[in-house]
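Below: one structure, written as structure tokens.
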Amino acid sequence: KYPSLNHISQDICKTKQKCLKAVENSIRDMHSVILDNTNPTRAGRAEYIEMARESNPKIIVYCLYMDATGDIVPNRALYQHMNIVRERLGGIRIPEIAYNIFYKKCEIPVEAEFDKIFPIRFNPNQSKNRDGLLRFIQKS
């Protein structure tokens, strides 16, 4: 039997401290965790990873990240796509300045931080089929 899975997000928890506490409680209760946060820096990610590994040294930490760095075209397309998805799901738009600050701070995840990294390459040409992408995300 698989342990239960907890989805934890700072958008939901509202503060980093509450988010850290939710992760800690989930690990203590032997639940798997999906941490759905934008953690652009290694130091920011390290807080969660270190806390998880101190709670359970056998824990496996995976990283899934949207790989849209280095080119303004995919970055702009990803920004637009993320806002369409957020609006469809009832969220608020991400201000462009927040997106730009994220990419200015962004440190690409490295193998030394995680047990396994899964980059998800964003293809800006897919944004022409926005409805198909949104249907896929809503089914997930």
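Observations on the model:
- Coupling constants for segment 99-107 follow from the phi torsions by the Karplus curve (6.51 cos²θ - 1.76 cosθ + 1.60, θ = phi - 60°), and in residue order they are 5, 5, 5, 4, 5, 5, 7, 4, 10 Hz; glycine and proline get x.
- Amide H contacts of M66 (H built 1.01 Å from N, under 5 Å, at least 5 apart or other chain): I120
- Rounded to whole numbers, the Karplus 3J(HN,Hα) couplings from phi for segment 47-59 are 4, 5, 5, 4, 4, 5, 6, 5, 5, 8, x, 8, 4 Hz, using 6.51 cos²θ - 1.76 cosθ + 1.60 with θ = phi - 60°, and x at Gly and Pro.
- Projected area averaged over orientations for segment 11-97, convex hull of C-alpha atoms, nm²: 6.8
- Out-of-range pairs (alpha-carbon distance over 22 Å; input K18/K116; K58/K116; K58/K105): K18/K116; K58/K105
- Built amide H within the under 5 Å cut-off of I34, gap 5+: N6, H7, I8
None of the figures in this text is laboratory data; all of them are computed from the coordinates on show. For clarity, every value in this text was computed on a predicted model and none was experimentally measured.
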